[in-house]
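Report on the structure given below.
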Amino acid sequence: MSEQLLPGYIIRRGSLLERSLLLKFMHRTYQDLFPNEDFSHLEQTVKQYFSSDTPLWWVEEEREQGDKGTREGDKENNYTQFPIPNSQFPIACLWVGNAIDQVQGNRHAHIFILYVVPEHRRRGIGTALMQYVENWAIQRGDRQIGLQVFQSNKPALNLYNQLGYQTQSLWMVKFLSAEK
């Protein structure tokens, strides 16, 4: 079942059968930020965490009833890389998991991925998806939403800051060498 997210865009709940499509979107997300890296390990992440307890939503362009053809530009915009049987072409996705607040001990929503294809950015889709997931989390009784964002991803940082997200902790990494 789908519903309107914004004028011209619908949102629908994904299914467990769309594992490969989710994986393609994850690859695209990370390749946008780190174009020279190999992300074959993401398959293990999806295998481990994607379940009926970790909802996935897709955003698609709203089409006129009976319009099942491709739109001008679909092929060059890579929509054909992401076919969904009996559906439109997804232009964004949101995948949410569960986490435990380490201070209070409460379960809360954790955003694994929010991705909008470049051709549809700066149209309010990211903001609408964040509002959608906030409403979903409130309805299920969550008191907070967590997410991880790379410091180099300035557009995402700006979005989250504008929506009232605050840094609660820092994830610190030290790269180790096998040489001693």
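Of note:
- For residue 14, the residues whose amide H sits under 5 Å from its own are 56, 57, 58, ignoring neighbours fewer than 5 places away on the same chain, with H placed 1.01 Å from N.
- Portion, in percent, of the accessible area of the chain that falls on carbon or sulfur, probe 1.4 Å: 48
- Whole-Hz ³J(HN,Hα) from phi, Karplus 6.51 cos²θ - 1.76 cosθ + 1.60, for region 152-159, glycine and proline x: 6, 8, 4, x, 5, 4, 4, 4
- Ordering of 140-146, 170-176, 44-50, 8-14 by packing [mean C-beta count within 10 Å, highest first]: 8-14, 140-146, 44-50, 170-176
- Share of alpha-carbon pairs per 10 Å distance bin for region 87-155, given as whole %: 18, 46, 29, 7, 0
- Quarter of the Cα convex hull surface for region 1-50, i.e. its orientation-mean projected area (nm²): 4.6
- For the chain, the solvent-accessible area with a 1.4 angstrom probe is 67 square angstrom per residue.
- Net charge in the neighbourhood of residue 55 (other residues with Cβ under 13 Å of its Cβ; Lys, Arg +1, Asp, Glu -1) is 0.
- Given +1 at the Cβ of Lys and Arg, -1 at the Cβ of Asp and Glu and no other charges, the dipole of region 12-61 around its Cα centre is 180 debye to the nearest 20.
- Fully extending the segment from residue 171 to residue 27 would add 49.7 nm, taking 0.36 nm per residue of separation and subtracting the current Cα-Cα distance.
- Cα gyration tensor of the chain - equivalent ellipsoid semi-axes, whole Å, descending: 28, 21, 16
- Summed side-chain charge close to residue 106 - residues other than residue 106 whose Cβ falls under 11 Å, Lys, Arg +1, Asp, Glu -1: 0
The values are calculated or read from the model by the stated rules, or taken from the named source; none is laboratory data. Computed from a predicted model, the values in this text were never measured in an experiment. Don't worry about glycine lacking a Cβ; one is built from the backbone with ideal geometry, like all the others, and counts go over all protein chains shown. When the accessible area is computed, the model is the full protein with side chains, heavy atoms only, and any ligands, DNA or RNA have been set aside. Shrake-Rupley method; radii C 1.70, N 1.55, O 1.52, S 1.80 Å.
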